[in-house]
Amino acid sequence: MTTTEALLALSHAVGEPHRELAILGEGNVSASTGTGRMLVKASGSTLATAGPDDLVECELAPILAILDAEAADDDDVGAALMASRVDQEAKRPSVEALLHAVVLAAGAGAACHTHPVSANGILSSDRAAIIAAGALFPDAIVVLGQHALLVPYLDPGLALARHMRAAIADFVDRHGTLPKIAYLQNHGIFAIGADPAECLRITEMADKHARILTAALAVGEPVFLGDDVLDRIENRADEHHRRRVLQGKR
Ligand SMILES: [Zn+2]
């Protein structure tokens, strides 16, 4: 499967209406295509029906450069995104391409951003932080990792991308690895994986986590698994096996 095929498969899967992850032009996907480049969804395209020409190949460097510019405004961001296209006939990249560039430059192979009904219910509440507070069941740890990143509401585009770049660097300092999932308050989720297939697994598990958390909050107070359980699952041989099977390896 080519990177384009794999990314379109992810786009179509997360765009399926019954999943309630994204409607209309919501959400976007990206994947690294080799040194310093990515494929990212075009602005306004629909995940469920995106075709090859709805994916734009971009150079990361001009996008990352705008994050360091002293006084960049929306016009500068738009110009940088258009200039980053490898094919100048290609469509306009999504403004959230900034976020994708940050994550892929940090070492991820692919990313998937959606606005799930399940997670956004929690992320739009006064208890938003609880979504990143811990694991409720073992499989969540296997797929989402032990720690999640919680991001406050910021203007999508420059402000959000700048914050994410610093927050991811801090996360890597503390945990020695990239986050698998970032929860964006009043906005959505960002799955960070090695490839598009892993991004789908992360998105599905984050959606399930959010549904179970909502159910737990309706019944009483959620009971998170303790650190001893997390460490045990993280280090168990059969969990390593389960993770490899999920990745299509033996
Ligand atoms: Zn969004």
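With a Cα cut-off of under 28 Å and a minimum spacing of 8 residues unless on different chains, the lysine pairs in the chain number 6.
How high is the FRET efficiency between residue 89 and residue 214 when r is their beta carbon distance and R₀ equals 41 Å, given to the nearest 0.05? Present the calculation step by step, with values, prior to reporting the outcome.
On the way: r = 45 Å, r/R0 = 1.09.
Given R0 = 41 Å and the Cβ-Cβ separation, E is 0.35.
If a spin label sat at a point 7 angstrom from the Cα of residue 53 along the line to its beta carbon, no backbone N atom of region 66-82 would be nearer than 14 Å. When a/c is below 1.5 the answer is rounded, else prolate if a/b is larger than b/c, else oblate, so apply that to region 124-179 with a ≥ b ≥ c taken from the square roots of the Cα gyration tensor eigenvalues. Since a/c reaches 1.5 but b/c is at least a/b, the shape of region 124-179 is classed as oblate.
Using a cutoff of 8 angstrom between alpha carbon atoms and counting only pairs six or more residues apart, the relative contact order for region 3-246 works out to 20 percent. Toward the positive end of the charge dipole of region 3-246, with +1 on the Cβ of Lys and Arg and -1 on the Cβ of Asp and Glu, the farthest Cα among 163, 182, 81 is that of 182.
For region 102-118, 3J(HN,Hα) computed residue by residue from phi via the Karplus equation (6.51, -1.76, 1.60; θ = phi - 60°) reads 4, 6, 6, 5, 7, x, 6, x, 7, 8, 9, 10, 9, 10, x, 4, 4 Hz, glycine and proline entered as x. Binning the alpha carbon pair distances of region 143-204 at 5 angstrom intervals from zero yields the distribution 4, 19, 27, 25, 19, 6, expressed in whole percent. Cβ screening of the chain for cysteine pairs under 4.7 Å finds these without a partner: 58.
In a reduced charge model with +1 at each Lys and Arg Cβ and -1 at each Asp and Glu Cβ, region 3-246 shows a dipole moment near 580 debye about its Cα centre. Summary of the geometry: region 145-161 and region 34-107, compared by the centres of their Cα atoms, lie 18 Å apart.
Read the figures in this text as sums done on the coordinates, not as results from a lab. Only a predicted model underlies this, so the values are computations on that prediction, with no experimental measurement involved. Glycine gets a Cβ as well: all are built from the backbone with ideal geometry, and neighbour counts include every protein chain shown.
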